[in-house]
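Heads up, the thing below is written out as structure tokens.
The values are calculated or read from the model by the stated rules, or taken from the named source; none is laboratory data. None of the values given here were measured: they were computed from a predicted structure. Methodologically, a virtual Cβ is constructed for each residue, glycine included, from the backbone with ideal geometry; neighbour enumeration extends over all protein chains shown. SASA here: full protein model, heavy atoms, side chains in, ligands and nucleic acids out. Shrake-Rupley method; radii C 1.70, N 1.55, O 1.52, S 1.80 Å.
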Amino acid sequence: MIQFNWCIDSLPVYVAKDGKTNVVSEINWHCDAVEDNAFFDSLRGTIVLELDPISFVAYDQLTQDIVWGWVYSKINKKAIEQNLRLAIDAQKVSKPVNLSLPWA
């Protein structure tokens, strides 16, 4: 079974923007897909954010749930996981294996 590990890599900020401080400008994330510690693939992405003064959340008040909510509102999580699943399935088909020597 494939395990998907989603991770926030970084949250670059504008130190000051439109009267706010430490305004997140983008979210850098990745998703690793692993099966049986034998097959691996990964996808990285960046979400660019615009400052919304109405829904602004101070940097020190951010949680992973808030940030993932922003990411998932901009990407298709199911499609990404399906593409990673297909990449791992392709590795299984094309990965070399050791067979017994034919003369052994």
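Of everything in region 51-72 that is modelled with pLDDT of 95 or more and of a type in the set (Ser, Thr, Tyr), the residue that is nearest to the chain's Cα centre (by Cα) is Tyr72. Scanning region 47-104 for residues that are aromatic (Phe, Trp, Tyr), part of a loop (DSSP other than H, G, I, E, B) and within 24 Å of Glu26 (Cα to Cα) returns a single hit, Phe56.
Residue count for region 36-48 satisfying the condition of being open to solvent by less than 40 Å² (accessible area, probe 1.4 Å) and at pLDDT below 95: 1. When you scan region 60-70, do you find a residue that is on the phi < 0 side of the Ramachandran plot and touching a Gly at 6+ places or on another chain (Cβ under 9 Å), even just one? No, because not a single residue in region 60-70 is on the phi < 0 side of the Ramachandran plot and touching a Gly at 6+ places or on another chain (Cβ under 9 Å).
Taking the condition open to solvent by 40 Å² or more (accessible area, probe 1.4 Å) and among the aliphatic types (A, V, I, L, M), does Val93 pass?
Considered against the rule, which asks whether it is open to solvent by 40 Å² or more (accessible area, probe 1.4 Å) and among the aliphatic types (A, V, I, L, M), Val93 comes out as yes.
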